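Comments concern the structure below.
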Amino acid sequence: RIRPPKQHGTMASETTSLVSKSEDEHLKRLKAYQWWAFFVTFGGYFMAHFSRKCYSTVKQQLQDEAGYSSLILSAMDTTFMATYAVGNIVSGKLGDTLNPTTVLAIGLFGSGTCLFLINVSLWFDFVGFSEQLGNFFILAVYFMFGFFQSTGGPVGTAVMGNWFCDKNSVKNRGLIFGLWTCHQYCGDITAALCTAWVL
């Protein structure tokens, strides 16, 4: 006597292919949410670049008005890029291991917190109170900022790759990812315009 196979219910997540089971049902669901996934990840990485670019456009003001030396500004860039580079590897692994949307959310929230702390150091004039304290604080914040910012690229790409996995999407993957990667330039341009308007 042959028994019918048991159906094991599984909940799809951002890292599981939605077209692996019940092809028609999953394909319909996939198509319904693809562009939602596109715009959410696009928006998240857009804001990451927006927050990153704002700093680079006010470097002169940080030096002239906030009292940061050119040496400490250079150290901030070096610290950020070093932790950003290492963070890309760590974030990619975390995105594969944990819920990727949670990793992205932590990255965005952490980036916002770091920017707030930078403002705190300016409001309370940490450098004026103690140059060593001000420099240490800003470097520590940028150390964490690099890790938080690194979540966008690898995790966002993994989410996009898993949502755009049907035949039609794979066929147009170059166009889709070409549009998606415009988040960087849109974020940078918007940040430059906003800071120019504020200043």
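The values are calculated or read from the model by the stated rules, or taken from the named source; none is laboratory data. The structure presented is a predicted model; accordingly, all values stated were derived computationally and were not measured. Please note: Cβ atoms are built from the backbone with ideal geometry, for glycine as well, and neighbour counts cover all protein chains shown. Remember, those area values only see protein heavy atoms, side chains included, never the ligands or the DNA or RNA. Shrake-Rupley method; radii C 1.70, N 1.55, O 1.52, S 1.80 Å.
Worth pointing out:
- Residue in region 64-73 that is assigned to a helix (DSSP H, G or I) and within 24 Å of the chain's Cα centre (by Cα) present: yes
- Number of positions in region 76-124 that are touching a Leu at 6+ places or on another chain (Cβ under 6 Å), of a type outside the set (S, T, N, Q) and closer than 27 Å to Val58 by Cβ: 0
- Scanning region 126-155 for residues being in contact with a Ser or Thr (Cβ under 7 Å, 6 or more places away or on another chain) and either among the hydrophobic types (A, V, I, L, M, F, W, C) or at pLDDT below 90 (or both) gives a total of 9.
- Those helices (runs of 4 or more DSSP H) of region 87-199 in which at least 2 residues are open to solvent by less than 60 Å² (accessible area, probe 1.4 Å) and farther than 23 Å from Ser74 by Cα, considering only elements entirely within it, cover 100-123, 152-163, 173-180, 183-198.
- Unmet requirement for Ile106, which otherwise passes all of (1) within 12 Å of the chain's Cα centre (by Cα); (2) without any contact (Cβ under 8 Å) to a residue 12 or more places away in the chain: (2)
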